[in-house]
Amino acid sequence: MSMTRHAEPAVNTPPASGPRQSDGRTAQRPLALRLLARPEVGVFLGAAAVYVFFLISAPPVREANSMANVLYQSSTIGIMALPVALLMIGGEFDLSAGVAVITSALTASMLSYQLTMNVWVGVIAALVVSLGIGFLNGWLVVKTGLPSFLVTLGSFLILQGVNLAVTKLVTGNVATDDISTMDGFDQAKKVFASSFDIGGVQVKITIFWWLLFAAIATWVLLRTKYGNWVFAVGGNKESARAVGVPVAFTKISLFMLVGFGAWFIGMHQLFSFNTVQSGEGVGQELIYISAAVIGGCLLTGGAGSAIGPVFGAFMFGMVQQGIVYAGWNPDWFKAFLGVMLLGAVLINLWVQRTATRR
């Protein structure tokens, strides 16, 4: 018995008059539901709720100077949260991001001071080191097939130990020497740690860098071939490789982007405080990852945006400064962040389920 189906002759039948009928499968969902399905919408609502909460409970937040401080704290988290989010969309983690910031700052500071060179030499050397750390992490993940959690956990421990041991060996202390009087310091400070007066309010330059990087990341994800590669390798790297996506290049470059972010924030810390404590940075990687997760980046990869982590970082900055302005015990900061993280994830889950429900 033949199972071949033959095409019927085409019959030109005029379309029926009256409104078109829909079977429900092709009906377009309302705009509100389509917006709620976007991962960044849920975190925007959460950020707005946190802002209103502290606006009511902490009156100093209503002042322009206070909001400038909130945005500054948010920017120092957000600049790193952006490449971390891109890496998570690509299906990987980097647990060494926090201590890598300090490694970058220590490299620039000690190299410049000990060799009495222009600080820009240290800045460039720190960039090379940071990109090298990112490359090594990515290369090990790609070549060995080990989970990035394990590879970067090893990097975290190595960098933490190296930061402290080398600093004590070179300087005889746990902190670097003051480089504020060295050649090139003032110029570097203008790039990484300067402030602008806007309407009588001092605004840090990192806020502008944060928004610029967010705009670039959004454009890359949504408008470039590389952005398609990031989503593809995070969704299914084998399928991505089968259609010609350069999986190894994409993953390694994403780890190097995290290295670039660590370098930039490391330079900001160095030129803001003139010196660096070698034991800092531990735990910051969880803040960066949490901001990305709150921003809608899935732990499994393949989904997320660059805008979501911007709002996620704002929530962290708002809480960090809001607790101070409210006069609460700062010891509750991490507990508040944990509650906020769980609450934001649950709200995002509820919003997405509501938006996709028939």
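The values are calculated or read from the model by the stated rules, or taken from the named source; none is laboratory data. Bear in mind the structure is a predicted one, so any value in this text is a computation, not a measurement. All Cβ positions, even for glycine, are placed from backbone atoms using ideal geometry, and neighbour counts span all protein chains on display. SASA here: full protein model, heavy atoms, side chains in, ligands and nucleic acids out. Shrake-Rupley method; radii C 1.70, N 1.55, O 1.52, S 1.80 Å.
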Could you tell me which of 203, 158, 187 has its Cα farthest along the dipole of segment 148-206 towards the positive end, charges placed at Cβ (Lys, Arg +1; Asp, Glu -1), taken about the Cα centre?
158
So what is the calculated 222 nm ellipticity per residue for the chain, using -39500 (n - 2.57) for each DSSP H run with n of 4 or more, over all residues, to the nearest 500 deg cm²/dmol?
-23000 deg cm²/dmol
Give me the lysines in straight-line cross-link reach of residue 204: C-alpha distance below 20 Å, same-chain residues under 8 apart excluded.
189, 190
Three-way shape label, segment 50-133, alpha-carbon gyration tensor, a/c 1.5
oblate
Roughly how many Å² of residue 53 are accessible to a 1.4 Å probe, to the nearest 10?
100 Å²
Could you order 223, 62 by accessible surface area, starting with the largest, using a probe radius of 1.4 Å?
223, 62
Under the rule a/c < 1.5 gives rounded, and otherwise a/b versus b/c splits prolate from oblate, where does segment 214-297 land using the Cα gyration tensor?
prolate
Taking the Cα centre of the chain as origin, sum charge times position over the Cβ atoms of Lys and Arg (+1) and Asp and Glu (-1), and report the length of that vector in debye to the nearest 20.
1420 debye
In percent, how large is the relative contact order of the chain, given Cα pairs closer than 8 Å and 6 or more residues apart?
35 percent
Once you charge only the Cβ atoms, +1 for Lys and Arg and -1 for Asp and Glu, what is the size of the charge dipole of segment 177-284 about its Cα centre, to the nearest 20 debye?
720 debye
Angle between the chain longest axis and helix 225-235 axis [Cα atoms, degrees, rounded to 10]
80 degrees
Rounded to a whole number, what % of the accessible area of segment 104-168 do carbon and sulfur atoms account for, probe 1.4 Å?
78 percent
Under the √(5λ) rule applied to the eigenvalues of the Cα gyration tensor, what semi-axes describe the equivalent ellipsoid of segment 127-283? Give them in Å, descending.
33, 24, 11
Ranking 204, 237 from most to least accessible area with a 1.4 Å probe gives 237, 204
Output the 0 to 90 degree angle, nearest 10, between the alpha-carbon long axis of helix 64-89 and the longest principal axis computed from the alpha carbons of the chain.
60 degrees
Most mobile listed residue (214, 97, 175) in the chain, GNM with C-alpha springs under 10 Å
175
For the chain, dividing by residue count, accessible area per residue (probe 1.4 Å) in Å² works out to 52 Å²
Comparing 227, 184, 327, which has the greatest mean-square fluctuation in the GNM of the chain with Cα pairs linked when under 10 Å apart?
327
